[in-house]
């Protein structure tokens, strides 16, 4: 089954969250569900329960899951031999209130990962802050399993966590096994394609939809914590040598992310590898086979591997995230 590929834009999927807000109303064009807090907008997801659909072109309304089934090698190129599902999950988070204190398992902790899932390493880029913004990333030095358990019992968990007030543009890497949470901020998140989260503490909140506290998974969380992950702060960007006006924010065995800020034309995409573009400020145009594809603030575009390298022309000053998937093999 063959079809002519093109830059693929996707419809976001909104998710109710007890800690969410309504800020996506000015960040994204898709209307929000009425009268409930929306904490997550899934921008690119290949999950059985939630899979984004293409917004235009001959593949309009096709899910990413079906694209990966029918056009895996066109999408993934040489990485198609290694991945049956798209390996990343991209989101926006509107953390109107602080999330639960949580941890994700690593890929190696198989006993805590459901069949078909992976561990979960993730990273954030701060898009908006307010006076209450706080990122909790890693434990304070000297925190032990025993002191953490005691803090859960006496409701002083925050005192065991390293935290800082983030600034717009900060980039934070959350290795699997790192205790973390955040609040009072909007962030872009890139992560492994996994939904495995263990809650350590939830601030004694009641979910208004159920009238009950949310479930905790304290034993699993404690088992997955890497107590060496302490005092995590923003990463130091590294100037890119392969893209002009770009810096590398994350480069690990799950994802590589460049942040490009430019008013002049530049190259995007990688030959024979998939690339994801996310616009966080401004707008621009990609031209492919004499057709113009516009990307504006809050939108995501997947460049199938078969497309290769394209020109990106900003319509004004643009901030564009380019994300690739490392070849693990």
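Bear in mind that the values in this text are calculations on the coordinates, not laboratory data. In this text, all values refer to a predicted model and were calculated from it rather than measured experimentally. Virtual Cβ from ideal backbone geometry, glycine too; neighbours counted across all protein chains shown.
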Net lengthening on full extension, residue 239/residue 209 (0.36 nm per residue, minus Cα-Cα): 6.2 nm
Mean-position separation - Cα centroids, region 187-213 and region 259-329, in angstrom: 32 Å
Helical contribution to [θ] at 222 nm, DSSP H n ≥ 4, -39,500 (n - 2.57), averaged over the chain, rounded to 500: -2500 deg cm²/dmol
Region 238-324 - percent relative contact order, Cα under 8 Å, separation 6 or more: 37 percent
Spacing of the two label points (7 Å from each Cα toward its C-beta) at residue 73 and residue 131, in nm: 6.0 nm
Shape call, region 1-108: gyration tensor on alpha carbons, a/c limit 1.5: oblate
Full-stretch length increase - residue 107, residue 16 - with 0.36 nm per residue and alpha-carbon distance subtracted: 30.0 nm
Point-to-point label distance, residue 140-residue 265, nm (Cα→Cβ direction, 7 Å offset): 5.5 nm
Percent RCO, i.e. relative contact order, over the chain, from Cα pairs under 8 Å lying at least 6 residues apart: 19 percent
Residue with peak Gaussian network fluctuation, the chain [Cα springs, cutoff 10 Å], from 212, 168, 85: 212
Global form of region 238-324, assessed from the alpha-carbon gyration tensor, a/c cut-off 1.5: oblate
Whole-Å semi-axes of region 92-243's equivalent ellipsoid (Cα gyration tensor): 24, 19, 17
Distance between region 63-96 and region 1-58 - C-alpha centres, whole angstrom: 14 Å
Label-point separation, residue 311 to residue 35 (7 Å along Cα→Cβ), nm: 5.2 nm
Most mobile of 149, 248, 125 in a GNM of the chain (Cα contacts under 10 Å): 149
